[in-house]
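Here is the structure we will look at.
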Amino acid sequence: MENLTIAFIGSGNIASSMIGGLIANGIKPEKLIAADADKTQQQLISEKYGIKVFNINYDAAKHANVIIFAVKPQVMPAVVKEIAENIKIENKLILSVAAGVKLQSIANWLGQSSAIVRTMPNMPALIQAGASALYANEFTNDKQRNTAETIMRSVGTAIWLDAEEQMDVVTALSGSGPAYFFYLMELMEKNAIEMGLNKEDAHLLTIETALGAAKMALLSSYEPMTLRKQVSSPGGTTEQALNIFIQGKLDKLVRNAMDAAKRRSVELSESFKD
C-alpha cells in the first residue's frame, strides 16, 4: 500500500472520509490525490488533508495505481468514459463506491480489461465506523483484492461477497440500515419526551442505549436473539414492550422494508445497463 498512489475521482463525503481514514492508518498524504469539478471542494480537501487536488479527472487518474470512483451514480458513465478515453487503465485497480452501478457496466464504459472492485460503504464510514461489502471481477488478483480491502478497512469493517447480486441485500441491510436505527431512535426519543423527560435527557439516554446495545452485540458471543431474551424477564417491563412489537408484526414490517430497499437497489442497477 505504501508504494501505491491512490486517486479519488470526486471528493465528497465518502471520499473525504476514506482519505482521512487512509491518512489515519499511516498512508502519506503525498500518496493520495483527488479530482473535483467544484473549486470550493478542491480547496477544502487540499487544505484539510494536504493532498493535491485536480480539476480534471484524468489528470488525477493518470498519476495513480488505484482509481476510486466516488461520484454520483448518474454521472458515472460520462466520468468513466472520459478517463478511459484519455489514459490507459489496464494496469490500474478500479474501485467504485457508486451505488447501484454493476461491474459489467463499468467494464463496458472503460472499454478495456481492468481489475474492478465494487463496494458499498455506508454513512458511518464518515466517522471511520462504516460497514462495507466488496465484490471483484475476474481480472482482479489477490494483491489487488488485498489493496481494496485495506482501503475500505480504513473507514470501518469490510467483507467480501460471494456474488454481485448480494450487493442488493447489503444495500438493504447496511447501506440503508443506519436510517432504520436513526428512525427507531427518533421515535424512542420523541415518546420519552411526551412521557415526561426533558429533551436533553431523552436524547442522551436514547443514544447511549443504542450505543450500549450495539457494543454488547459486537462484544458478546451470543446472538441478538439470546441477548434480547436475557433482557426480557418473564412478566417484566421489557417483555410487555416486546409483546407490543410482536402483536404489531414488527418482524413483517422489517422484512417488507428491507424487501422494498432491495427491490429499489435492483431497479437502480438495471437502469445503468448499456
First check a/c for the stretch 54-205, with a ≥ b ≥ c the square roots of the eigenvalues of its C-alpha gyration tensor; if it is under 1.5, answer rounded, and if not, answer prolate when a/b is larger than b/c or oblate otherwise.
prolate
So who's got an amide H within less than 5 Å of the one on N122, skipping anything under 5 residues away but keeping other chains? H placed 1.01 Å off N, in plane.
A131
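Please report the net charge: other residues with Cβ closer than 12 Å to the Cβ of G12, K and R +1, D and E -1.
Details: positive: K72; negative: D36, D38.
Taking every Cβ under 12 Å from that of G12, the sum is -1.
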N108 versus E30: modelled label distance in nm, points set 7 Å from Cα along the beta carbon direction:
4.3 nm
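Full extension from A179 to V75: what is 0.36 nm times the residue separation minus their Cα-Cα distance, to one decimal in nm? If you can, show how the numbers build up before the last one.
On the way: separation 104, 0.36 × 104 = 37.44 nm, distance 2.49 nm.
Additional length available on full extension: 35.0 nm.
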Take the alpha carbon atoms of the stretch 49-116, find their center, do the same for the stretch 183-206, and report the distance between the two centers in whole angstrom.
44 Å
Taking L253, L242, L103, L95 and counting other C-beta atoms within 10 Å, the order from fewest to most:
L253, L242, L103, L95
So what's the back-of-envelope 222 nm ellipticity for the chain, counting only DSSP H runs of four-plus at -39500 (n - 2.57) apiece and dividing by all residues, rounded to 500?
-16500 deg cm²/dmol
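Once the Cβ-Cβ distance between N256 and E200 is put in as r, and R0 is 30 Å, what FRET efficiency do you end up with, to the nearest 0.05?
Once the sixth-power term is evaluated, E becomes 0.30.
Below 12 angstrom from the Cβ of V79, what's the summed charge of the other residues (Lys, Arg +1; Asp, Glu -1)?
Values: positive: K72, K81; negative: D36, E82, E85.
After counting each charged neighbour, the total is -1.
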Under the Karplus curve 6.51 cos²θ - 1.76 cosθ + 1.60, θ = phi - 60°, whole-Hz ³J(HN,Hα) for the stretch 208-219, x wherever Gly or Pro sits:
5, 5, 5, 5, x, 5, 5, 5, 4, 5, 6, 8
Would you mind checking the stretch 109-137 for residues with the amide N under 17 Å from a putative spin-label position 7 Å along Cα→C-beta of I207?
124-129
Give me the distance in nm between label points sitting 7 Å out from Cα along the Cα-to-Cβ direction at E164 and N146, one decimal.
2.6 nm
Once the convex hull of the C-alpha atoms of the stretch 126-274 is built, how many Å³ does it hold per residue, rounded to a whole number?
162 Å³
Against the longest alpha carbon principal axis of the chain, how many degrees, from 0 to 90 and to the nearest 10, is the axis of helix 76-86 turned?
20 degrees
May I ask you to compute the full-extension gain from N3 to E186, defined as 0.36 nm times their residue separation minus their alpha-carbon distance, rounded to one decimal in nm?
61.4 nm
Environment charge at T171 (Cβ cut-off 14 Å; Lys +1, Arg +1, Asp -1, Glu -1)
-1
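For F8, F181, what's the fewest-to-most ordering of other Cβ within 10 Å of each Cβ? Numbers along the way, then the final one.
On the way: F8 31, F181 12.
By the 10 Å Cβ count, ascending: F181, F8.
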Pair Q128, E47: separation of 7 Å Cα→Cβ label points (nm)
2.3 nm
Contact order relative to length of the chain, as percent, for alpha carbon pairs under 8 angstrom and 6 or more apart:
15 percent
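Only the coordinates and a few stated rules stand behind these numbers; no lab work does. Since we're looking at a predicted model, the values are computed, not measured. Note: ideal-geometry Cβ built from the backbone for every residue, glycine included; neighbour counts use all protein chains shown.
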